[in-house]
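The values are calculated or read from the model by the stated rules, or taken from the named source; none is laboratory data. The structure displayed is predicted, hence computed values, not measured ones. Using ideal geometry, Cβ is built from the backbone for each residue, glycine included, and neighbour counts are taken over all protein chains shown. The accessibility values were calculated without ligands, DNA or RNA, using every heavy atom of the protein model including side chains. Shrake-Rupley method; radii C 1.70, N 1.55, O 1.52, S 1.80 Å.
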Amino acid sequence: MNATTYTARAHTNIALIKYWGKKNEELILPMNSSLSLTLDRFYTETSVTFDERLKEDLFLLDNSKKNSIKVSKFLDIVRQKAAISIKAKVVSQNHVPSTAGLASSASAYAALALAASKAAGLDLNKKELSRLARRGSGSACRSIYGGLVEWQEGNDDQTSFAYPIKIPTDFEVTMVALVISTDYKKISSRAGMKRVVETSPYYSAWIQNTAEDLNNIKQAILERDFETFGEISEENAMKMHALNMSAHPHFSYFEPDTIKAMQIVEKLRSQGISCYYTLDAGPNLKVICLKKDVQVITDFLSDSFGQEKVFVAGPGPAAHLI
Ligand code: DP6
């Protein structure tokens, strides 16, 4: 086999209807379907070369050598599909402003799935790529596509994958990311969601309610109803964070500044600006708004937190080879 290098770029995505819990940890099958927006501003580029001369997998991230256990485990899935046993060199670069704290496993595994499958001689279609990316990190299955994306939970490896949802042309959804802390997560999303599934007394209500949120948000997208779209996103995120507070032991990703920023968004909203927030497994706030309101929102957040903490992103493209 020729040691050809393939390089892929995949963008991060932010969930508006959250994935928070697995029904199968090995296959990464989620407890509920989710919906996200792929962002143009933040992405990962990854090159993969399978090379017969390598004795073990090699993983470089942002120019420094990293432990390759997770990457190797993922490459094993690719090797099994391609019926090869050759080790690989993986070189990855996160294109996220260094202060942003928005690097994600979603863009990482989506880029790795595309580059590694190509380099191993596989020619996967998008559905197969989404299923493969999911094995690295659940949210990565959504980063195979650009724009708004739904991840259908499915019941097995074959049926759990993402697909794109058409964004109406005059629905100019944009995201303003506010970085509150770049510290490592107190509790990883993997561990956090596991604890919630195992211990939150409200988990069954979440499953039921999130299915309704997903249907309603898709209807809002069809109707170009941005207010309902934003409201459902914000409420779904808060329900996810309420689960964390109801777990045993309980935990929260909020920092004091997270609450402060939420109040700023709520105040702007009471003044007539359509803006809504969402948060993932960390204290950073993402504000969902329309393109026309970006300036006023970034001005307000910059005044309180500093301009260097505020990043604007629009809908981004699908994962692609470069
Ligand atoms: C809060 O996809 O990082 O961002 O599948 O264990 O790798 P693993 O988890 P991950 O979890 C993402 C959780 C979330 C919500 C979401 O992106 O849907």
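Numbers at a glance
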item	result
Nearest-0.05 FRET efficiency for ALA3 and LYS194, computed from C-beta distance (R0 30 Å)	0.20
Formal net charge of residues neighbouring MET240 (Cβ-Cβ distance under 12 Å; K, R +1; D, E -1)	-2
Per residue, in Å², the accessible surface of the chain once ligands and nucleic acids are set aside, probe 1.4 Å	44
HN-Hα J in Hz across the range 237-249 - Karplus 6.51, -1.76, 1.60, θ = phi - 60°, x for Gly and Pro	4, 5, 5, 4, 6, 5, 4, 4, 6, 9, 7, 10, x
R0 of 22 Å, Cβ-Cβ distance ILE69-ASN155: FRET efficiency to nearest 0.05	0.15
Tail fraction, Cα-Cα pairs, the range 173-313, threshold 23 Å, whole percent	38
Heavy-atom accessible area order for ILE17, ILE322, largest first, 1.4 Å probe	ILE322, ILE17
Extension reserve of the LYS127-GLU56 stretch, reckoned as 0.36 nm per residue once the Cα distance is removed	22.6 nm
Cα-derived Rg over Rh, computed across the range 5-168 with Rh taken as Kirkwood radius	0.96
Mean-position separation - Cα centroids, the range 256-295 and the range 103-162, in angstrom	29
Pairwise centroid distance, computed over Cα atoms, of the range 47-65 with the range 307-322, Å	26
Candidates ASP183, ASP299, ASP40: whichever shows maximal mean-square fluctuation once the chain is modelled as a Gaussian network with Cα springs under 10 Å	ASP183
Computed E for GLN263/GLU172 - FRET, C-beta separation, R0 22 angstrom, nearest 0.05	0.30
The chain, accessible surface, carbon-and-sulfur percent (1.4 angstrom probe)	49
Protection-proxy order for peptides 172-180, 80-88, 225-233, each taking the mean of Cβ atoms within 10 Å per residue, highest first	172-180, 225-233, 80-88
Reachable lysines from LYS18, criterion Cα separation under 20 angstrom, eight or more residues apart if same chain	LYS166, LYS185, LYS186, LYS194, LYS218, LYS239, LYS286
